[in-house]
Amino acid sequence: AQSVTQLDSHVSVSEGTPVLLRCNYSSSYSPSLFWYVQHPNKGLQLLLKYTSAATLVKGINGFEAEFKKSETSFHLTKPSAHMSDAAEYFCVVSGTSASSYKLIFGSGTRLLVRP
Amino acid sequence: DAGVTQSPTHLIKTRGQQVTLRCSPKSGHDTVSWYQQALGQGPQFIFQYYEEEERQRGNFPDRFSGHQFPNYSSELNVNALLLGDSALYLCASSLLAGNEQFFGPGTRLTVL
């Protein structure tokens, strides 16, 4: 079965320090991978996506993620956290078979940013 | 250019009732997917519509049904509501099934 595991339910960082949100996936196909962010009472916004091009993917708001096939990981990073980054982050896998287009979400990581 | 819109924003129903949620896709998009997000969890795929047909379905009972109209808008219907159906229901649209999905703000359903 295809799935995605977010290794931390909560991550707390100080403003200005680096952010690391961890994600592992399992798929027997060549998946597409995404990170979405959800601010309170708002919809999901796409941060970045990997679709078998460059393994280092740059997204919006200074976020980036590296696809590592050998480790089946797709961790999200940002060099310096901002207060506005506080939100719920979801690692997502799609295209887990030739005819499957549904998005499979991880359980989410809540990012807290301390002043 | 309007993004994905959903109505209503909030809804309160009682057990056993039926509910209809509506979604208008982003301009130019032809595919609509529905997701259920329970409190504290990630969204779960319900089904996807393309060319007015259900293209793919997740692990949800037949109480959950949908429809896509010729203008690509979509409805999600849930019959015989259970307390466990309380959740945020998200609609996402895309141009063709395999492309990036854009999400609406969701409909918060509370079942009492």
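The values are calculated or read from the model by the stated rules, or taken from the named source; none is laboratory data. Note that this is a predicted model, so its numbers are computed, not measured. No Cβ is skipped: glycine too gets one built from the backbone with ideal geometry, and neighbour counts run over all protein chains shown. Only protein heavy atoms, including side chains, enter the accessible area calculation; ligands, DNA and RNA are left aside. Shrake-Rupley method; radii C 1.70, N 1.55, O 1.52, S 1.80 Å.
At a probe radius of 1.4 Å, what is the per-residue accessible area of A:Thr55, in Å² to the nearest 10?
Approximately 70 Å² for this residue.
Rg to Rh ratio, the stretch B:1-61, alpha-carbon atoms and Kirkwood radius? The partial results should precede the final answer.
Numbers: Rg = 13.2 Å, Rh = 13.5 Å.
Using only Cα positions, Rg/Rh for the stretch B:1-61 is 0.98.
Would you kindly calculate the mean projected area, averaged across all directions, of the convex hull enclosing the Cα atoms of chain A, in square nanometres?
6.9 nm²
For the stretch A:30-80, give the percent of accessible area contributed by carbon and sulfur heavy atoms, probe 1.4 Å, rounded to a whole number.
50 percent
Pairs of lysines 8 or more apart, or on different chains, with alpha carbons under 24 Å: count those in the protein assembly as shown, would you?
20
Would you work out which of A:Ala86, A:Thr55, A:Leu20 lies farthest towards the positive end of the dipole of the stretch A:14-104, given +1 charges on the beta-carbon of Lys and Arg and -1 on that of Asp and Glu, about the Cα centre?
Of the listed residues, the answer is A:Thr55.
Can you pull the percent of Cα pairs in the protein assembly as shown with separation above 26 Å?
The share of Cα pairs beyond 26 Å in the protein assembly as shown comes to 37 percent.
Nearest 20 debye, what's the magnitude of the dipole of the stretch A:3-114 about its Cα centre given +1 on Lys and Arg Cβ and -1 on Asp and Glu Cβ?
With Lys and Arg at +1 and Asp and Glu at -1, about 160 debye.
If you consider only alpha-carbon coordinates, what radius of gyration and Dmax does the stretch B:5-111 have, in Å?
My reading of the Cα-based Rg and Dmax gives 12.8, 37 Å.
Only residues of the stretch B:43-67 count here: report those whose backbone N is under 20 Å from the spot 7 Å along Cα→Cβ of B:Gln17, or say none.
Answer for the stretch B:43-67: B:63-66.
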